[in-house]
Number of protein chains: 2
Amino acid sequence: MSLFVQKYGGTSVGTVERIESVAEKVAGFREQGHDMVVVVSAMSGETNRLIGMANQIQETPDPREMDVLVSTGEQVTIALLCMALKKRGWDARSYTGTQVKILTDNAHTKARIQDIDVSNMRDDLDAGRVVVVAGFQGVDENGNITTLGRGGSDTTGVALAAALKADECQIYTDVDGVYTTDPRVCEGARRLEKITFEEMLEMASQGSKVLQIRAVEFAGKYNVPLRVLHSFQDGPGTLITLDEDFSDMEQPVVSGIAFNRDEAKVTVVGVPDTPGVAARILAPIGAANIEIDVIVQNVSADGTTDMTFTVHRNDVAKAREVLGKVCADVKAREVITDDKIAKVSIVGVGMRSHAGVASKMFDALAEDNINIQMITTSEIKIAVIIDERYLELAVRSLHKAFGLDAIES
Amino acid sequence: MSLFVQKYGGTSVGTVERIESVAEKVAGFREQGHDMVVVVSAMSGETNRLIGMANQIQETPDPREMDVLVSTGEQVTIALLCMALKKRGWDARSYTGTQVKILTDNAHTKARIQDIDVSNMRDDLDAGRVVVVAGFQGVDENGNITTLGRGGSDTTGVALAAALKADECQIYTDVDGVYTTDPRVCEGARRLEKITFEEMLEMASQGSKVLQIRAVEFAGKYNVPLRVLHSFQDGPGTLITLDEDFSDMEQPVVSGIAFNRDEAKVTVVGVPDTPGVAARILAPIGAANIEIDVIVQNVSADGTTDMTFTVHRNDVAKAREVLGKVCADVKAREVITDDKIAKVSIVGVGMRSHAGVASKMFDALAEDNINIQMITTSEIKIAVIIDERYLELAVRSLHKAFGLDAIES
């Protein structure tokens, strides 16, 4: 028999009926003899309702009180889920973050977990009880309620699994697993049986929004086997685990194709090619809280260079404003922006040991006459910036080129 | 400068706008230099919304989880009120029952307060902060969330005032004080400046539902001056205090007229007048959880007696059912019920030392040809049961007879 930590998100517990369904599911696992710890989010819509009230009072609500407010959302769900389990004859006990206790720092609205006291939960599990824990929340050393920030319930699940040394942390969501790419873009997309933490991070940060990056990082750090499953459909989902677990199988070179349409390209043209000029351009961007993704600097020919980077589309106007002043300072010629771009990445731990992955990618794109505007690479990822008109085509071509298309059964 | 504990009920904090009004009011007191502790209920409707969800799952929801669930209601209000105070430039800090901590026994949904830790609140007050506490809730010695039962927020207010040795506990509500009688029944009714705890208990239990009886008992026990005020109108309200406080004024004999239309009269006719028969009749009524108010037993003439008592109108059918069996057991003749009755009481600590109060009451009723069906008395109260058709008339007559009518200005 195993110890499972299961996490159900806001949609999965969005109504009383759905909470009953979750109870049914959890009871099924319990009936098989598994020890169960269940982490739940607030019922969908509830957190926004609470934030809405706060915003009526303060444009930027006081962070400590914000945490007191929004933490009630999960508290409602844990109570209702325990009632639904008891109704089915299973003993259950609910825990707020304070009651567990999930000790965090005091960074309200974005606290980080420091320690988890497992003694009470352990006693309950030993007594045969289902333990139901409010996700997303903790308590600081002075007893103040804290929250972990949006998506924090995934982190709670992984952290509890790590602390309890659970056999698996199962994240129930509205997709049945992690896909090789978005099925809405490429009909050949298929569910992955397994993926490594590193690949998952690259997939997630590239826009495959199945799991919160922080939870995946946490799972990787503590080596907690993580499984993504559908809340209302049966199926094995996708297991996210360590690289080593793949030793028994033929590892594909590329596991998935990620993409992102949220970025815009900013080019500073005719920058005098002197030491420190890159920092002088990028520092004010960072200071303005604009996040930069890909950065490319061309080799200079005439003593000047072009520096190109991508930012979120919402930040283009702000970036232009900042760069207006910087341009004059560094004596650059002009600033050009383009938000009709998209980023496509191939991701896979297998590419570490395989030569020729990049050229295969570029060949596939060239065959479709897709021009590559920028390239960036990491150990397990190659990303290109292209004209957004060709995004779908690029994803489908690469999906096929790397043998990811589902085999017709 | 004084330390005030103020309590605002669900209607007073029913919307974000009203929470802002409460903040405005509290800020006003703070500005005058007073130390402020504010106890709030859940926003009106919220507790019922939560209970509604619980009832969808369990007809009788698990008590521990019920407390986890409904305690979120007040937690929302404390956070929003603190935000509204901060917006106005006043530092404030919210406390759940657990955070205070308000230690209770573990009788979920009807817990009783055992101890209150004032150290954190004291520190906050010393630092100039407004302390905002969730009413109605506490925590048991094992960290489980408990609630004090309906109306428990009043009790929280009084208990905090006692623990902090506050100068006054001010209960803000939707009336501007305690009246000599219900102004809807008697237009001469007027607000009392002061009333004793004992009188207040008699008024409240007789149907003047301004304050929870338990809170008044608590205030009396710890001698906490209690003031009832209107949330949205200015005015001195009514001070509820010890008998001794009246030494400086001419104490009226009767302070108020209470009444109640919720009762029904049950008469067991022709009961053999033997020792122990009263217990044999009333014990099964108590066992069926039917509360009995007035009991009268006539002196027997022919060896049998009639025993009459009143129960809540909702319990009449149940009482008849129970008494059906009892009647046969004790060989009583029959059971008659009458729910067209009302109870009218005169209340006042002054009647202790004044003779002739009862006869003055009966005279006043006789003058209006109102027949008295039952009489019951206590140290500071005389109650009569009459035909409900004469209720309004009786209240007005007694109000006038005892000099309670407002003096025209």
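The values are calculated or read from the model by the stated rules, or taken from the named source; none is laboratory data. Being a predicted model, the structure only gives us computed values, none of them experimental. Please note: Cβ atoms are built from the backbone with ideal geometry, for glycine as well, and neighbour counts cover all protein chains shown.
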If we scan region B:127-140, do we find a residue that is among the polar types (S, T, N, Q), within 30 Å of residue A:139 (Cα to Cα) and touching a Gly at 6+ places or on another chain (Cβ under 7 Å)? yes
Flag for residue A:326 being at pLDDT 90 or above, in a helix (DSSP H, G or I), farther than 23 Å from residue A:373 by Cα and in contact with a helix residue (DSSP H, G or I) (Cβ under 7 Å, 6 or more places away or on another chain): no
If I ask for residues that are over 21 Å from residue A:94 (Cα atoms) and among the small types (Gly, Ala, Ser), which ones from region B:90-148 would you list? B:92, B:94, B:119, B:127, B:128, B:135
So in region B:76-102, with the set limited to residues that are facing chain A (nearest Cβ under 9 Å) and of a type in the set (S, T, N, Q), which one is farthest from residue B:146 (Cα to Cα)? B:94
Only residues that are surrounded by 15 or more Cβ atoms within 10 Å (Cβ to Cβ) and aromatic (Phe, Trp, Tyr): list them for region A:214-233, please. A:218
Please go through region A:226-239 and pick out each residue that is in contact with a strand residue (DSSP E or B) (Cβ under 6 Å, 6 or more places away or on another chain) and part of a loop (DSSP other than H, G, I, E, B). A:231, A:237
Selection status of residue B:60, of a type outside the set (A, V, I, L, M) and within 24 Å of the chain's Cα centre (by Cα): no
Please list, ordered by residue number, the helices (runs of 4 or more DSSP H) wholly in region B:147-225 having 2 or more residues that are closer than 17 Å to residue B:3 by Cα. B:152-164, B:213-222
Mind counting the residues in region A:352-370 that are in a loop (DSSP other than H, G, I, E, B), surrounded by fewer than 12 Cβ atoms within 10 Å (Cβ to Cβ) and either at pLDDT 90 or above or on the phi > 0 side of the Ramachandran plot (or both)? 2
Do you know which residues across region A:105-128 are free of Cβ contacts under 8 Å to residues at least 12 places away in the same chain, farther than 25 Å from residue A:69 by Cα and not charged (D, E, K, R)? A:119
Answer yes if at least one residue in region A:315-322 is of a type outside the set (Lys, Arg), under 20 Å from residue A:384 (Cα atoms), at pLDDT 90 or above and part of a helix (DSSP H, G or I), and no otherwise. yes
Residues of region A:1-21 being among the hydrophobic types (A, V, I, L, M, F, W, C), in contact with a strand residue (DSSP E or B) (Cβ under 8 Å, 6 or more places away or on another chain) and surrounded by fewer than 24 Cβ atoms within 10 Å (Cβ to Cβ), which ones? A:1, A:3, A:4
Can you find a residue that is polar (S, T, N, Q) and closer than 28 Å to residue A:69 by Cα anywhere in region B:176-196? no
Does residue A:109 satisfy the condition of being within 13 Å of chain B (Cβ to nearest Cβ), closer than 29 Å to residue B:60 by Cα, of a type in the set (Val, Ile, Thr) and not in a strand (DSSP E or B)? no
So in region B:138-155, with the set limited to residues that are surrounded by fewer than 24 Cβ atoms within 10 Å (Cβ to Cβ) and either within 13 Å of residue B:115 (Cα to Cα) or modelled with pLDDT under 95 (or both), which one is nearest to the other protein chains (Cβ to nearest Cβ)? B:140
Of the numbered conditions (1) of a type outside the set (A, V, I, L, M, F, W, C); (2) within 12 Å of another protein chain (Cβ to nearest Cβ); (3) in a strand (DSSP E or B), residue B:114 fails exactly one; give the number of that condition. (2)
In this structure, does residue B:39 turn out to be buried (at least 24 other Cβ atoms within 10 Å of the Cβ), in a loop (DSSP other than H, G, I, E, B) and under 24 Å from the mean Cα position of the chain (by Cα)? no
How many residues are outside any loop (DSSP other than H, G, I, E, B), more than 12 Å from every other protein chain (Cβ to nearest Cβ) and not aliphatic (A, V, I, L, M) when one looks only at region B:1-20? 4
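Yes/no per residue for (1) in contact with a Pro (Cβ under 8 Å, 6 or more places away or on another chain); (2) buried (at least 16 other Cβ atoms within 10 Å of the Cβ); (3) at pLDDT below 90:
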{"residue": "A:257", "(1), (2), (3)": "no, yes, no"}
{"residue": "A:267", "(1), (2), (3)": "no, yes, no"}
{"residue": "A:275", "(1), (2), (3)": "no, no, yes"}
{"residue": "A:280", "(1), (2), (3)": "no, no, yes"}
{"residue": "A:288", "(1), (2), (3)": "no, no, yes"}
{"residue": "A:294", "(1), (2), (3)": "no, yes, yes"}
{"residue": "A:297", "(1), (2), (3)": "no, yes, yes"}
So is residue A:47 without any contact (Cβ under 8 Å) to a residue 12 or more places away in the chain, closer than 22 Å to residue A:148 by Cα, more than 9 Å from chain B (Cβ to nearest Cβ) and surrounded by fewer than 22 Cβ atoms within 10 Å (Cβ to Cβ) or not? no
Filtering region B:53-75 for residues that are closer than 21 Å to residue B:134 by Cα, without any contact (Cβ under 8 Å) to a residue 24 or more places away in the chain and either more than 8 Å from chain A (Cβ to nearest Cβ) or in a loop (DSSP other than H, G, I, E, B) (or both) leaves a count of 0
Just to be sure I understand the filter: pairs with C-beta atoms under 6 Å, separated by 6 or more residues or on different chains, first member in region A:11-31 and polar (S, T, N, Q), second member assigned to a loop (DSSP other than H, G, I, E, B) and surrounded by 18 or more Cβ atoms within 10 Å (Cβ to Cβ). Which pairs pass? A:12/A:231
So which of A:135, A:128 ends up being of a type in the set (Gly, Ala, Ser), out of contact with any strand residue (DSSP E or B) (no Cβ under 6 Å at 6 or more places or on another chain), within 28 Å of residue B:56 (Cβ to Cβ) and at pLDDT 95 or above? A:128
